[in-house]
Ligand SMILES: *Cc1c(COP(=O)(O)O)cnc(C)c1O
């Protein structure tokens, strides 16, 4: 499989090059596969549903054909995924795809663990180690650190703003040993990012050290996220006829979104044959994409901070991929846009728990609210021209921009799959405020709290950072 640049389709690279480069260094564009192989019908209809690892293997093989031998790929998948993505029904037409069963309890484990092993594989013949620099405002750093921990030939330096992330998040970042280290920067997230960016453009430094990034734009982080859409949608199709008695329901997947890597992976899974009728793109007040779906105009803006802070993105970088894969019209036919504010998020954590007993985190709560509103009248209202006033939280759009599946919703022939992207204990304070009790802490999070802090302090001065890199890497 070849991969092309989103900005200049004539620039094409192999999978290995796309993995090691991340983005095209000359155009600044992102890589997308030239085509999306369709999964064989016999595979999609297999009974019982294939395992998560079988799906991961079957889906990823054509994307790296000829570059990674089959047995290696199978071993990499087994090593990357000792956990899966269970589907939990919470009411007769709502399923939760739990994406928090990885080591850091957030969905980014799925992408980061695969990417780490791909980078290690394509780096295997190099004599010099590859140094990954990552600036984080919270979750990305721990997923990346954990994913690369112990991976051969690569080390990771994580920069985070001291005092600006939650105590649990900080513990998750600062307690690695071996090839992963953390720098607590006396500044903001933007300062951290600036240090990393300056290092990447420092020719003198790059002549001494092989540097790379590990952000969400890497194609090897997006591809594995399509595995759980395929797995989850097959599981729901398999069991919903028993649960809801709707004949051949349309499956609507609701994705709590920030940088839109997750939703882009879902769009890829759908093109490959996952039985998904449509998506709801659910955001917090950072509603750049819902606004784009509504008005047709893409307007990036500074991010605002919210309770679902991993989704606080005002200029989602995967918009570039979405718009290279879909025209506005095609996007509107598949995706509905929805957003809510912090009050809506709190209310959603509460209502989900009250009505279903399920404890949902603030990110998943945004998705629950979107799905619950859409199935309970918001889509019917939109179709009958009684749309939401502009600038008000809720479902966006008008009858002309409604997705193809809108009528299935008002006819009540849909079932919903909500992506739960983090364990509620990671956002325990917010959850407690909403429902009056603490979510239980999984053992792997509890353990991290007792480990010693191994981070080093760092100022926002680039020369100091550079000296540290040269002395320590
Ligand atoms: C990163 C993250 C998101 C947003 O995912 P995108 O791919 O950036 O849209 C949602 N929820 C949680 C918990 C996250 O960590």
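The values are calculated or read from the model by the stated rules, or taken from the named source; none is laboratory data. What you see is a predicted model; the values in this text were computed from it and never measured. Reconstructed Cβ throughout: ideal geometry from the backbone, glycine too, with neighbour counts over all protein chains shown.
Need the failing condition index for residue 217 against (1) buried (at least 24 other Cβ atoms within 10 Å of the Cβ); (2) within 16 Å of the ligand (Cβ to nearest atom); (3) closer than 26 Å to residue 119 by Cβ, just the number.
Evaluating residue 217 over (1) buried (at least 24 other Cβ atoms within 10 Å of the Cβ); (2) within 16 Å of the ligand (Cβ to nearest atom); (3) closer than 26 Å to residue 119 by Cβ leaves (1) as the failure.
Cβ-Cβ below 8 Å, separation at least six or inter-chain, first residue in the stretch 115-139 and touching a residue at least 12 places away in the same chain (Cβ under 8 Å), second in a strand (DSSP E or B) and within 14 Å of the ligand (Cβ to nearest atom): which pairs?
139/106; 139/422
Looking at (1) in contact (Cβ under 8 Å) with a residue 12 or more places away in the chain; (2) more than 22 Å from the chain's Cα centre (by Cα); (3) farther than 20 Å from residue 94 by Cβ; (4) part of a helix (DSSP H, G or I), can you tell me which one residue 291 breaks?
Among (1) in contact (Cβ under 8 Å) with a residue 12 or more places away in the chain; (2) more than 22 Å from the chain's Cα centre (by Cα); (3) farther than 20 Å from residue 94 by Cβ; (4) part of a helix (DSSP H, G or I), residue 291 violates only (2).
Which residue pairs have Cβ atoms under 7 Å apart, sit 6 or more places apart or on different chains, and have a first residue in the stretch 245-270 that is under 13 Å from residue 107 (Cβ atoms) and a second that is assigned to a helix (DSSP H, G or I) and near the ligand (Cβ under 7 Å from one of its atoms)?
So the pair list comes out as 255/262; 255/263; 256/311; 256/363; 257/263; 257/311; 258/310; 258/311.
Please work out which residue is nearest to residue 426 (Cα to Cα), limiting yourself to the stretch 337-357 and to residues that are within 16 Å of the ligand (Cβ to nearest atom) and in contact with a strand residue (DSSP E or B) (Cβ under 8 Å, 6 or more places away or on another chain).
So, considering only residues that are within 16 Å of the ligand (Cβ to nearest atom) and in contact with a strand residue (DSSP E or B) (Cβ under 8 Å, 6 or more places away or on another chain), the one nearest to residue 426 (Cα to Cα) is 352.
Being at pLDDT 95 or above and assigned to a strand (DSSP E or B) is the filter; apply it to the stretch 161-183 and report the residue that is surrounded by the fewest Cβ atoms within 10 Å (Cβ to Cβ).
181
Take the stretch 358-377 and flag every residue that is surrounded by 24 or more Cβ atoms within 10 Å (Cβ to Cβ) and more than 16 Å from the ligand (Cβ to nearest atom).
374
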